[in-house]
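Heads up: the structure comes next, in structure tokens.
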Amino acid sequence: MNRHNPRHAMVRRALVLDTSNLGGRVVSGASFTFLSIILRTLLTIGSLSILARLLTPRDFGYLAMATVVTEFAAMLGSFGLSNILIQRRRVTRLQLDTVFWTAFGIGLVLALGVFGISFLSNWLFADPALGGLLRVLCLTFIFSNISPVPEALLARMMRFRTDFVIQVSALALQSTVAVVCAWNGFGVWSLIMGSITRAFAVMTMLILVVRYVPRLRFNLAYLMSTWKTSSSYFGNTMLYYTNMNVDLFLIGRQLGANVLGHYQNARSLTDEVRGRLAMPLQRVLFPAFASIQNDIPRLQQSVLKSSRIFAAVICPVGFGISAAAPEIVPVLYGDQWTGMIPILTVLGISAAFRASTAISYPIFNSQNKVSLSFKYNVMGTLILVISIFVALPFGLKFVAAAISINALFSVLLLWVSLRLIGLGFRAILHILLCPTAASLAMWICIVLLRNQIQPDTLNIVLQLLLTVVLGALVYGITLITISRQSRQDIKTLAGKFLHH
């Protein structure tokens, strides 16, 4: 085989992490990440506002029930294999091939497992209609488990422009398929077909772009050498699943699909803060932190600066969703979803803190301290589960409040991660204090504005736009007034964005 074949050039370049021009590459990656966030959020909200009018709360409730099963299955197969590839300074083709065949085998087992579980849906949720949905959704495990190695290679090279194109294109296809199917009366199957389309599209585009072709070989010794880290990733994924689904399972089982549909859409919108903002930025920072993992002074500087910007961008979004919930729900979802408003108000604050502190995970992962984060996640999950059990008899609002209070645990996790690189509690204040204060000022101003507007004197869409504009202005002015460091960050970022 010709080692200089252009088809293999990308794979060869990705075998060793490149630390050159790291700051510029992070800014470039962040630029495409923010653009991706904007487009994906617009696509998600736009399609969701249409689907909410074409479908019923029961349809979304069925999807939430199916998600509990599929995410549980995904958790069983999540061993952080691609993250291990990203964290290592050097990897080999044999290691890539080993990870590919391992992930593919896990995907086949999970697909068969979900197919089998589908016949127990009546026992799990007291509703046999869920079985057919699961028998189709099991295909996503085959599609998604072909992708880990190509995704890791793109991340190692920090090719975020390519990831941007893939993710936005796949989401656009998902939204189009779901809306067209819903328009033609397919009900909950519209959501299922959209999910299948997206998984298949991501897999296909990764194969075409990365052009990684696995060889028929396998290194059991390499796989066994990663078992400790892999088991910690598995444990963290299991805890993440529990955190994300214990409320859905209990509400769905005890209160039914209709109530769960209201809760699920409120939580899904706030989860967008983490899913659309925090997680994409985590993918940018993880390989960057990993490449300088042994240069502690440089890593400290990079973490502090990234964390400040991270919190300054994300915190006001969660507070803004909370403050503008009375306008967001009728505009995006329609009058049948007004029960979401108090839930959205509470969960928005929770999302602000959970997402603003999510930079702790790239730090844990880059320092190969996944097992430490697992220990703290066990503690946090136990507290969350107990809180939900206690709150559930008092109703949906109390469950949302319990989840929001538990978001403070993420601040503790951030403090622990910062200590790994020699930073203390003062770093927490340095990162979170000013964005939180400015976000709270914004929240208060939005509430005061609403109290001054007479009902029916202003169109609800215009009222939402006015709320967003006022909130952004109040937050921006307050932040740059109380934080000299934020003013400096804005100047530095503006210069780098213009340069790139």
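Some values worked out for this structure:
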| quantity | calculated |
| --- | --- |
| Surface accessible to a 1.4 Å probe, V180 within the full protein complex, Å² | 80 |
| Distance (nanometres) between label positions extended 7 Å along Cα→Cβ at L473 and A172 | 3.4 |
| Whole-number accessible area per residue in Å² for the range 410-483, which is evaluated in the context of all protein chains at 1.4 Å | 56 |
| For I460, solvent-accessible area (1.4 Å; no DNA, RNA or ligand), Å² | 60 |
| Charge sum, other residues only, whose C-beta stays under 15 Å from R487's C-beta, Lys/Arg counted +1 and Asp/Glu -1 | +3 |
| Portion, in percent, of the accessible area of the range 158-211 that falls on carbon or sulfur, probe 1.4 Å | 69 |
| Spin-label model distance (nm) - W123 vs R487, 7 Å beyond Cα toward Cβ | 6.6 |
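The values are calculated or read from the model by the stated rules, or taken from the named source; none is laboratory data. Please read these numbers as outputs of a predicted model, since none were measured by experiment. All Cβ positions, even for glycine, are placed from backbone atoms using ideal geometry, and neighbour counts span all protein chains on display. Protein only, heavy atoms only, side chains kept; ligands, DNA and RNA dropped before computing areas. Shrake-Rupley method; radii C 1.70, N 1.55, O 1.52, S 1.80 Å.
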